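Student: Can you read through this structure? Questions will come right after.
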Amino acid sequence: MSAGAARLYVVLTYVPRRTSVPVGALGPVMFERGWYAYVGSAARARRARVARHLAPEKPLRWHADHLFTAFPARRAWLVNGAAGECELAGALAALPGAARRPHRFGAGDCRCTGHLVYFARRPRHVEVASAAGQRAAVRAFGLPPRLKPVSGDD
Ligand SMILES: [Zn+2]
């Protein structure tokens, strides 16, 4: 697959207070209060993958399963035409107030710093689009009503 054909997604959640969460092989991970954007890719069945992240109960298979079980997803985007997931995570982390953490989260199949990006404040659609690059298309993934954000949304 060429880099430009990556079928990526971003799932956003909010951690309301400093919390330690067991994350599989990473062990207990301390999540500071704030927003977290998880970058993933799915060559096939991407919508089903994202829906799985949004499901309240599931087998805890990936790092992200532990996070989204503890803190339900608030928003998700599908990203077409960006470079790979490692690159998108890096570009998101370059936004103001953002950083990749915890180290190596979700990076079991690559060598990068990690696929989870912390934000002190909620990242907006336009920021995700700017991180994805000019040639990429970013569109909102419809959340089930129980997960719809309640306020301050764009
Ligand atoms: Zn990576």
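Student: Taking the chain as a whole, which cysteines find no other cysteine Cβ under 4.7 angstrom from their Cβ?
Tutor: That list is CYS110.
Student: Report the rotationally averaged projected area of the stretch 4-129 based on its alpha-carbon convex hull, in square nanometres.
Tutor: That works out to 6.9 nm².
Student: Quick check: net charge around PRO96, other residues with Cβ under 15 Å of its Cβ, Lys/Arg +1 and Asp/Glu -1?
Tutor: Local net charge: +3.
Student: Hey, how many Å between the Cα centroid of the stretch 70-88 and the Cα centroid of the stretch 1-53?
Tutor: Using only Cα atoms, the two centres lie 7 Å from each other.
Student: What's the longest bit of the chain with no exposed trypsin sites (Lys or Arg not before Pro), using DSSP loop states and at most 15 other Cβ atoms within 10 Å as the test?
Tutor: Values: sites that count: ARG17, ARG18, ARG33, ARG44, ARG61, ARG111, ARG121, ARG124, ARG135.
The longest such stretch corresponds to 62-110.
Read-outs: derived from the displayed coordinates by stated rules, not from any lab. Bear in mind that the values here come from a model prediction, so they are computed numbers and not experimental data. Reconstructed Cβ throughout: ideal geometry from the backbone, glycine too, with neighbour counts over all protein chains shown.
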